[in-house]
1. Can you say whether residue 106 is part of a loop (DSSP other than H, G, I, E, B) and in contact with a Pro (Cβ under 9 Å, 6 or more places away or on another chain), as far as the supplied structure shows?
2. Among the candidates 96, 106, 100, 113, single out the residue that is touching a residue at least 60 places away in the same chain (Cβ under 8 Å) and exposed (fewer than 15 other Cβ atoms within 10 Å of the Cβ).
3. Looking at the stretch 169-185, is at least one residue away from ligand 1 (no atom under 16 Å from the Cβ), at pLDDT below 95, within 15 Å of residue 249 (Cα to Cα) and in contact with a strand residue (DSSP E or B) (Cβ under 8 Å, 6 or more places away or on another chain)?
4. Going by the structure shown, is residue 208 touching a residue at least 60 places away in the same chain (Cβ under 8 Å), within 13 Å of ligand 2 (Cβ to nearest atom), surrounded by fewer than 17 Cβ atoms within 10 Å (Cβ to Cβ) and among the small types (Gly, Ala, Ser)?
5. Among the listed residues 105, 120, 101, identify the single one that is within 16 Å of ligand 2 (Cβ to nearest atom) and either at pLDDT 90 or above or more than 26 Å from the chain's Cα centre (by Cα) (or both).
6. Looking at residue 193, is it closer than 29 Å to residue 307 by Cβ, modelled with pLDDT under 95 and not basic (Lys, Arg)?
7. Only one of (1) within 12 Å of ligand 1 (Cβ to nearest atom); (2) in a strand (DSSP E or B); (3) within 16 Å of residue 213 (Cβ to Cβ) is not met by residue 145, so which one is it?
8. Filter the stretch 154-167 down to the residues that are surrounded by fewer than 17 Cβ atoms within 10 Å (Cβ to Cβ) and modelled with pLDDT of 95 or more, then identify the one that is nearest to ligand 2 (Cβ to nearest atom).
Amino acid sequence: MLPTVLILVGSWATLQADLLSDKKATGIAQVLLHWDPNPDQEQSNVELRYHVKIHAPQEDDYNTRKTESKYVAPLHNGFAASVRSILRRSHFFLASSWVSAELKASPGSSGTSVMNLTCATNTVVSSHTHVKPYQVSLRCTWLVGKDAPEDTQYFLYYRFGVWTEECQEYSRDTLNRNTACWFPRTFINSKGFEQLAVHINGSSKHAAIKPFDQLFTPHSIDQVNPPRNVTVEIEETSLYIQWEKPVSAFPVHCFNYELKIHNTKNGYFQMEKLATNKFISKIDDVSTYSIQVRAVVSSFCRASGSWGEWSQPIYVGKEKKPLAEWRLIVFPATACFVLFIFSLICRVCHIWIKLFPPVPAPKSNIKDLLVVTDYEKAAWNETKIEVVSCVEEAGFEVMENSMF
Ligand SMILES: *[C@@H]1O[C@H](CO)[C@@H](O)[C@H](O)[C@H]1NC(C)=O
Ligand SMILES: *[C@@H]1O[C@H](CO)[C@@H](O)[C@H](O)[C@H]1NC(C)=O
């Protein structure tokens, strides 16, 4: 037996230090295990491997040739691991004794941690199209821990690969405690295989708030968008239905669809599972139909997730006014009404101006002359007033005609 002693540089403090010195707080639900090889082991004719055993939070077991290893796991209840070296010379295996290290559970009682954490991602068209065509948003919600004091405040962080971000947009409960978080864009890749790590810690003046870690597989929390531009056309006794793939980083061939044709007259539902983006259905032409489509990313492209949202229903057929036509009627009617009110207002203004004529604007020379001559001819008082008003009336008519 070879005397092989391994040193696991992994006390609580050392592990923590390694985490923080790593790229952007990789510490969220991730530990770096590091050990030093025994100097006596450096022999050229032997094959050296390390056997790593994880004891907590869940048992796990693997081999590596390297002297360090990143391990992803929720850490709020602590972490414990052991390592030994395995020497192989021709057909002989020699194993060293184990060395161990652990991270203690985070302080605070478990009743102060958040509960029922759920997260969902959604793909949207990027607002920065020159960088990436799509961006992934993330929304998480949780319940306040049952033993958390009233002044508790929670903070959410996520890690995807080496990227870590803190939440900037929280929703709060009546006691002003954060209970949901929204990231409009993230570093999450919906086509990626890595796990999404979410960490929620907190603070309170009255108690230590125990942090909480949870890992999510991206495909299982990804909400697939509904298919786009669904169109339905009726030709005699056939429905021609077409749509486009949802907003998604996955290409066209990655989607399966489910089509729902609801006969609103007899209540019958026709459901179709499809890999194409069109469908023709026979119909009877006295019924009305509502048509909806939803999508799922097929197992060719990733581990299958769940169905996305249904598209907005499209109504076709006889009888009931289909929604689109209804809008066609309401809109012109509203427009006519607005025009009518407008012309009414114009009329009223018109009358108003007639009743209370504006202060005379500069008049044409002819009219001035007219006034002057009438002036001279007529007696001083009443006649003057009459003639002036008459002239202004005429001036107004001219202006009105040129306006309309
Ligand atoms: C929270 O989760 C627990 C089990 O994990 C469940 O029994 C409970 O109904 C959930 N509460 C709510 C409000 O969803
Ligand atoms: C919560 O966790 C983040 C990331 O690990 C850390 O930077 C922050 O100081 C923690 N806050 C509290 C209140 O523990």
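The values are calculated or read from the model by the stated rules, or taken from the named source; none is laboratory data. Bear in mind that the values here come from a model prediction, so they are computed numbers and not experimental data. All Cβ positions, even for glycine, are placed from backbone atoms using ideal geometry, and neighbour counts span all protein chains on display.
1. Yes: the conditions hold for residue 106.
2. After applying the criteria, what remains is 100.
3. Within the stretch 169-185, one or more residues are away from ligand 1 (no atom under 16 Å from the Cβ), at pLDDT below 95, within 15 Å of residue 249 (Cα to Cα) and in contact with a strand residue (DSSP E or B) (Cβ under 8 Å, 6 or more places away or on another chain).
4. Numbers: touching a residue at least 60 places away in the same chain (Cβ under 8 Å): yes; within 13 Å of ligand 2 (Cβ to nearest atom): yes; surrounded by fewer than 17 Cβ atoms within 10 Å (Cβ to Cβ): yes; among the small types (Gly, Ala, Ser): yes.
Yes; evaluated as a whole, the condition is true for this residue.
5. None of the others qualify; the one that does is 105.
6. Taking the combined requirement at face value, the residue satisfies it.
7. Single failed check for residue 145: (2).
8. Quick first cut of the stretch 154-167, residues surrounded by fewer than 17 Cβ atoms within 10 Å (Cβ to Cβ) only: 155, 161-163, 166.
With modelled with pLDDT of 95 or more added as a condition, the list becomes 155, 166.
Numbers: 155: 6, 166: 7 Å.
Filtering first and then ranking leaves 155.
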